[in-house]
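Asks: If you scroll down you'll find the structure; I have some questions about it.
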């Protein structure tokens, strides 16, 4: 009789241990799932980037957005696609008086700013038609509109100027790299960063970490070219024109 009671107690203990083990394994799995879910949310959307190498050997991420394939980083080449050099213009006076192509790095600091932000170009460099790798080009104003309408703008909104839309800018801004509270969702994969610009009136560099500009390939007038702008504090996208001596970034679009 004593042996029987012992076996019953032993069996009960084993069942209890099994229940505890199952509980612990389930709890651990739930924690792992929770951590992975939080990590995915914090890292932003998983984006199927491609890759592109330019004429100088720089490598860029690329992304399909609707029917278009864009660079997901700013151009950083110092050579045209025929391997000739683009003039590097550092002096403020020389920059604002240029009527020919030129490029620079923000604050003339290649070491700090090349990798993250790319190069700033004037519109004359854009107009050569040789900035982007073979098979790619600087997008026209109409091609930016195609992107914007894919991100939710109507045709009427896309044709308008200044700030347009409620969240295309948020969809284009990277999930990190902007000031606290100003990062985007980057659901488009465009991965925009706030690289600032070079002012056409005095050659000074402004607003890194606050905003960024990108040239279009076409003119507003004989003195000005179209551009797009994103700000940390705005979820829309800005369309306007400015003088061709301005220093702005470039995204290439696949032909």
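The values are calculated or read from the model by the stated rules, or taken from the named source; none is laboratory data. Here the structure is a predicted model, which means the values were calculated and not measured. Quick reminder, even Gly has a Cβ in these numbers, built from the backbone with ideal geometry, and neighbours come from all protein chains shown.
Asks: Do we have residue 167 as closer than 17 Å to residue 252 by Cα and touching a residue at least 24 places away in the same chain (Cβ under 8 Å) here? Explain how you work it out, then say what you get.
Replies: Details: closer than 17 Å to residue 252 by Cα: no; touching a residue at least 24 places away in the same chain (Cβ under 8 Å): yes.
No, not satisfied.
Asks: Among 112, 128, 69, which is the only one that is touching a residue at least 24 places away in the same chain (Cβ under 8 Å) and either crowded, with 17+ Cβ neighbours inside 10 Å or within 22 Å of the chain's Cα centre (by Cα) (or both)?
Replies: Details: 112 fails: touching a residue at least 24 places away in the same chain (Cβ under 8 Å); 128 fails: either crowded, with 17+ Cβ neighbours inside 10 Å or within 22 Å of the chain's Cα centre (by Cα) (or both).
Step by step, each of 112, 128, 69 is checked, and only 69 is touching a residue at least 24 places away in the same chain (Cβ under 8 Å) and either crowded, with 17+ Cβ neighbours inside 10 Å or within 22 Å of the chain's Cα centre (by Cα) (or both).
Asks: Here is a check on your reading of the model: is residue 245 assigned by TED's automatic domain parsing to the domain that holds residue 133 and in contact (Cβ under 8 Å) with a residue 40 or more places away in the chain? Give the steps one after another, and end with the answer.
Replies: Details: assigned by TED's automatic domain parsing to the domain that holds residue 133: yes; in contact (Cβ under 8 Å) with a residue 40 or more places away in the chain: yes.
It is true that residue 245 is assigned by TED's automatic domain parsing to the domain that holds residue 133 and in contact (Cβ under 8 Å) with a residue 40 or more places away in the chain.
Asks: Give the number of residues within segment 188-209 that are in a loop (DSSP other than H, G, I, E, B) and crowded, with 17+ Cβ neighbours inside 10 Å. Before the answer, list the steps.
Replies: Taking segment 188-209 first, the residues in a loop (DSSP other than H, G, I, E, B) are 188-191, 193-194, 199-204, 209.
This time we only want the ones that are crowded, with 17+ Cβ neighbours inside 10 Å, so: 188-191, 193-194, 199-200, 203.
Number satisfying all stated conditions: 9.
Asks: A follow-up question, please. Only residues that are part of a helix (DSSP H, G or I) and in contact (Cβ under 8 Å) with a residue 40 or more places away in the chain: list them for segment 115-124, please.
Replies: If we filter segment 115-124 for residues that are part of a helix (DSSP H, G or I), which is where we start, we get 115-117, 123-124.
Listed by number, the residues that qualify are 116, 117, 123, 124.
Asks: From 45, 101, grab the single residue that is touching a helix residue (DSSP H, G or I) at 6+ places or on another chain (Cβ under 8 Å) and either under 23 Å from residue 214 (Cβ atoms) or modelled with pLDDT under 95 (or both).
Replies: On the way: 45 fails: touching a helix residue (DSSP H, G or I) at 6+ places or on another chain (Cβ under 8 Å).
Of 45, 101, the one residue that is touching a helix residue (DSSP H, G or I) at 6+ places or on another chain (Cβ under 8 Å) and either under 23 Å from residue 214 (Cβ atoms) or modelled with pLDDT under 95 (or both) is 101.
Asks: So, one more: Keeping to segment 148-185, report how many residues are over 17 Å from residue 209 (Cβ atoms) and either part of a loop (DSSP other than H, G, I, E, B) or touching a helix residue (DSSP H, G or I) at 6+ places or on another chain (Cβ under 8 Å) (or both).
Replies: 18
Asks: Now, a different point. State whether one or more residues within segment 227-241 are within 13 Å of residue 120 (Cβ to Cβ), touching a residue at least 60 places away in the same chain (Cβ under 8 Å) and part of a loop (DSSP other than H, G, I, E, B). Reasoning before the result, please.
Replies: Residues of segment 227-241 within 13 Å of residue 120 (Cβ to Cβ): 227.
So of that shortlist, the ones also touching a residue at least 60 places away in the same chain (Cβ under 8 Å) come out as none.
Checking segment 227-241: not a single residue is within 13 Å of residue 120 (Cβ to Cβ), touching a residue at least 60 places away in the same chain (Cβ under 8 Å) and part of a loop (DSSP other than H, G, I, E, B).
Asks: Here's another thing I want to ask about it. Could you grab me the full set of residues in segment 221-238 that are surrounded by 20 or more Cβ atoms within 10 Å (Cβ to Cβ) and over 22 Å from residue 208 (Cβ atoms)?
Replies: Correct list: 226 only.
Asks: Let me ask you something else. Anything in segment 72-109 that is under 18 Å from residue 123 (Cβ atoms) and more than 25 Å from the chain's Cα centre (by Cα)? List them, or say none.
Replies: Across segment 72-109, the qualifying residues are 87, 89, 92, 94, 95, 96, 97, 98, 99, 100.
Asks: While we're on this one: Just to be sure, is residue 86 within 18 Å of residue 137 (Cβ to Cβ), touching a strand residue (DSSP E or B) at 6+ places or on another chain (Cβ under 7 Å) and either assigned by TED's automatic domain parsing to the domain that holds residue 203 or at pLDDT below 60 (or both)? Walk me through it before giving the result.
Replies: Numbers: within 18 Å of residue 137 (Cβ to Cβ): yes; touching a strand residue (DSSP E or B) at 6+ places or on another chain (Cβ under 7 Å): yes; either assigned by TED's automatic domain parsing to the domain that holds residue 203 or at pLDDT below 60 (or both): yes.
It is true that residue 86 is within 18 Å of residue 137 (Cβ to Cβ), touching a strand residue (DSSP E or B) at 6+ places or on another chain (Cβ under 7 Å) and either assigned by TED's automatic domain parsing to the domain that holds residue 203 or at pLDDT below 60 (or both).
Asks: Additional query: Anything in segment 115-125 that is on the phi < 0 side of the Ramachandran plot and under 21 Å from the mean Cα position of the chain (by Cα)? List them, or say none.
Replies: Filtering segment 115-125 for residues on the phi < 0 side of the Ramachandran plot gives 115-117, 119-125.
115, 116, 117, 119, 120, 121, 122, 123 - these are the residues of segment 115-125 that are on the phi < 0 side of the Ramachandran plot and under 21 Å from the mean Cα position of the chain (by Cα).
Asks: With respect to the numbered conditions (1) over 17 Å from the mean Cα position of the chain (by Cα); (2) over 19 Å from residue 88 (Cα atoms), which one is the sole condition not fulfilled by residue 138?
Replies: Result: residue 138 fails condition (1) only.
Asks: I'm told residue 215 meets every condition in (1) part of a strand (DSSP E or B); (2) without any contact (Cβ under 8 Å) to a residue 12 or more places away in the chain except one. Can you identify the failing condition by its number?
Replies: Condition not satisfied by residue 215: (2).
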